[in-house]
Structure formats: C-alpha cells, structure tokens
Amino acid sequence: METSDLVKIYSAANMVNAELIVGLFNDYGIQAHILNQRDTQFLFGDVEIYVDKKDVEAATTLLQNRNK
C-alpha cells in the first residue's frame with residue numbers, strides 16, 4: 001500500500017481516543033494508521049487516523065454506528 005492510497009478518516013483529540021478507534025477498525029479487519037500531529041509542549045493539534053481508500057466506506061459506517 002502506498003501513502004497516496006491512504007485517506008484521513010478521523011481526527012482525535014488525543015492518542016487514547018485514536019487508539020480506541022484504531023482498535024475498533026482492527027476488530028473489523030480494517031488496517032488503520034495514526035499520525036500524531038499533537039504538539040507535546042503546547043497541547044494543540046490532533047491525532048489523525050488514516051485508512052486505505054478501499055476501506056473508507058466501512059470505516060465511516062463503523063464511526064457513525066459506534067455510539068448507537
């Protein structure tokens with residue numbers, strides 16, 4: 001998989017939330033990647049989650065249904 005095949009699917013406020021989302025994706029066979037854009041000194045920015053283009057629809061559905 002090339003990085004051009006990755007799509008940002010979610011921005012989390014912190015690493016814990018990002019890891020929970022990635023765990024959810026992994027449970028359903030979706031490989032996810034975390035890019036931590038959060039500044040450690042000033043505590044601004046997000047933790048971004050990326051998935052492969054082919055998994056965008058499934059990942060979006062999981063995110064929409066996770067709190068139902």
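Nothing in this text is a laboratory measurement; each read-out follows from the coordinates by a stated rule. Keep in mind that what you see is a predicted model, and the values were worked out from it rather than measured. FYI the Cβ positions are ideal-geometry reconstructions off the backbone, even for glycines, and counts take in every protein chain you see.
Numbers at a glance
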quantity	calculated
Placed amide H near Ile9: partners under 5 Å, 5+ positions off or other chain	Ile49, Tyr50, Val51
Potential lengthening between Asn26 and Val7 on full extension [0.36 nm per residue; Cα-Cα distance subtracted]	5.2 nm
Simple spin-label estimate for Asn36 and Val56 in nanometres, 7 Å along Cα-Cβ	2.8
Peptides ranked, highest mean first, by Cβ atoms within 10 Å: ranges 46-54, 22-30	46-54, 22-30
